[in-house]
1. I need the full set of residues from the range 196-233 which are over 13 Å from ASN267 (Cβ atoms), of a type in the set (A, V, I, L, M, F, W, C) and open to solvent by 40 Å² or more (accessible area, probe 1.4 Å), in order please.
2. Considering only the range 186-199, I want to know if a residue exists there that is within 30 Å of LYS10 (Cα to Cα), among the hydrophobic types (A, V, I, L, M, F, W, C) and either without any contact (Cβ under 8 Å) to a residue 24 or more places away in the chain or part of a helix (DSSP H, G or I) (or both).
3. Does the range 44-62 contain at least one residue that is out of contact with any Ser or Thr (no Cβ under 6 Å at 6 or more places or on another chain) and not in a helix (DSSP H, G or I)?
4. Any residue that is in a strand (DSSP E or B), within 16 Å of GLY147 (Cα to Cα) and at pLDDT 95 or above - is there at least one of those in the range 95-106?
5. Specify the residue that is farthest from VAL57 (Cα to Cα); the eligible residues are those in the range 5-23 that are assigned to a helix (DSSP H, G or I) and open to solvent by 50 Å² or more (accessible area, probe 1.4 Å).
6. Which condition does TYR75 not pass, out of (1) aromatic (Phe, Trp, Tyr); (2) crowded, with 16+ Cβ neighbours inside 10 Å; (3) outside any strand (DSSP E or B), if it passes all the others?
7. Look at VAL110 and say whether it is without any contact (Cβ under 8 Å) to a residue 60 or more places away in the chain and open to solvent by less than 60 Å² (accessible area, probe 1.4 Å).
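The values are calculated or read from the model by the stated rules, or taken from the named source; none is laboratory data. None of the values given here were measured: they were computed from a predicted structure. Here the Cβ positions follow ideal geometry from the backbone for every residue, glycine too, while neighbour counts run over all protein chains shown. These area figures cover heavy atoms from the full protein model, side chains too; ligands, DNA and RNA do not enter into them. Shrake-Rupley method; radii C 1.70, N 1.55, O 1.52, S 1.80 Å.
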Amino acid sequence: MRTIHVNEIKDTVANLCWEACYYLPDDVINGFKKAEEKEISPLGKSILNQLIENAEVAATEHMPYCHDTGLAIIYVEVGQDVHFIGGTFQDSIHEGVKKGYSEGFLRKSVVGDPLLRVNTNTNTPAIIHTDIVPGDQVKITVLPKGGGSENMSAMKFLLPGEGVEGVKKFVLETIEAAGGKACPPIMVGVGIGGSFDKVTGIAKEAIMREVGVYHHEPHISQLEKELLEDINKTGIGPQGLGGINTALSVAIETYACHITALPVAVNIQCHAARKKTAII
């Protein structure tokens, strides 16, 4: 049994919050560069160059890549041989988010009551997903999720008979409805299967996959490639101003489901596709 003080969790989460917001992942920046090379729209090419420059300035000057520093989504894999001391596990995560957003000078975007709309001024509470896994380590991933892309995400129960073509139709309808409001070029996470709650969860997990990495199952990988091609044929383009690079990637995750259902969810990630992971 390994003992971890919750202050270590708090400090790790705090660091991950500002690091994620300052430093865009290499796979996303490389995605911008590849998109810029093949973009045929002069305006789209210019926008992609600006995104690359913006990422460089944010990293060099140690400042947020985007003013919307997001709702803090925290994924934690807790080894079953870990014992926490010094306080509660979940409180330490919320305190870490509070510390990271304050000390990192990140915008606080959370309202405590969804109807009364009063800002908590701490960017808490965070959204916490916890898995118990073998071992004695704790893996923490912070996903700052911007409001624009999250607002354009969607979920639908299809009839099983609608099959692959029904999935493709729903995904494309969702992307076309989002247009430029999701701040393209986007990363598209698709969940297929599970239940009402599971399918949206795996769709969000899908957006954390690295750009350019496809599913290990051939039929899912093929669907990802077909959807990416179809999405980029919409002509929405960078920032919705036209071009052939509406999306940098499509990632699909699947789960078993009931015989009567074919649930599908689309979670859109804007070009500020921030994520950062640490292992304790």
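1. Of everything in the range 196-233, those that are over 13 Å from ASN267 (Cβ atoms), of a type in the set (A, V, I, L, M, F, W, C) and open to solvent by 40 Å² or more (accessible area, probe 1.4 Å) turn out to be PHE196, VAL213.
2. Going residue by residue through the range 186-199, those that are within 30 Å of LYS10 (Cα to Cα) are 187, 189, 197-199.
Pick out the ones that are also among the hydrophobic types (A, V, I, L, M, F, W, C) and you get 187, 199.
Next, only the ones that are either without any contact (Cβ under 8 Å) to a residue 24 or more places away in the chain or part of a helix (DSSP H, G or I) (or both) stay: 199.
Within the range 186-199, one or more residues are within 30 Å of LYS10 (Cα to Cα), among the hydrophobic types (A, V, I, L, M, F, W, C) and either without any contact (Cβ under 8 Å) to a residue 24 or more places away in the chain or part of a helix (DSSP H, G or I) (or both).
3. Within the range 44-62, the subset out of contact with any Ser or Thr (no Cβ under 6 Å at 6 or more places or on another chain) is 44-62.
If we keep only those that are not in a helix (DSSP H, G or I) as well, we get 62.
Checked the range 44-62: at least one residue is out of contact with any Ser or Thr (no Cβ under 6 Å at 6 or more places or on another chain) and not in a helix (DSSP H, G or I).
4. Within the range 95-106, the subset in a strand (DSSP E or B) is none.
No, the range 95-106 contains no residue that is in a strand (DSSP E or B), within 16 Å of GLY147 (Cα to Cα) and at pLDDT 95 or above.
5. Keep residues of the range 5-23 that are assigned to a helix (DSSP H, G or I), which gives 6-22.
Cutting the leftovers down to open to solvent by 50 Å² or more (accessible area, probe 1.4 Å) gives us 7-8, 10-11, 15, 18.
On the way: ASN7: 32, GLU8: 30, LYS10: 28, ASP11: 26, ASN15: 19, TRP18: 15 Å.
Among those that are assigned to a helix (DSSP H, G or I) and open to solvent by 50 Å² or more (accessible area, probe 1.4 Å), it is ASN7.
6. Unmet for TYR75, out of (1) aromatic (Phe, Trp, Tyr); (2) crowded, with 16+ Cβ neighbours inside 10 Å; (3) outside any strand (DSSP E or B): (3).
7. Numbers: without any contact (Cβ under 8 Å) to a residue 60 or more places away in the chain: yes; open to solvent by less than 60 Å² (accessible area, probe 1.4 Å): yes.
Here the answer is yes, as VAL110 does meet what is asked.
This table checks each residue for (1) surrounded by 13 or more Cβ atoms within 10 Å (Cβ to Cβ); (2) of a type in the set (Ser, Thr, Tyr); (3) touching a residue at least 12 places away in the same chain (Cβ under 8 Å).
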{"residue": "LEU116", "(1), (2), (3)": "no, no, no"}
{"residue": "THR122", "(1), (2), (3)": "yes, yes, yes"}
{"residue": "ASP131", "(1), (2), (3)": "no, no, yes"}
{"residue": "ASP136", "(1), (2), (3)": "yes, no, yes"}
{"residue": "THR141", "(1), (2), (3)": "yes, yes, yes"}
{"residue": "GLY147", "(1), (2), (3)": "no, no, yes"}
{"residue": "GLU150", "(1), (2), (3)": "yes, no, yes"}
{"residue": "GLY163", "(1), (2), (3)": "no, no, yes"}
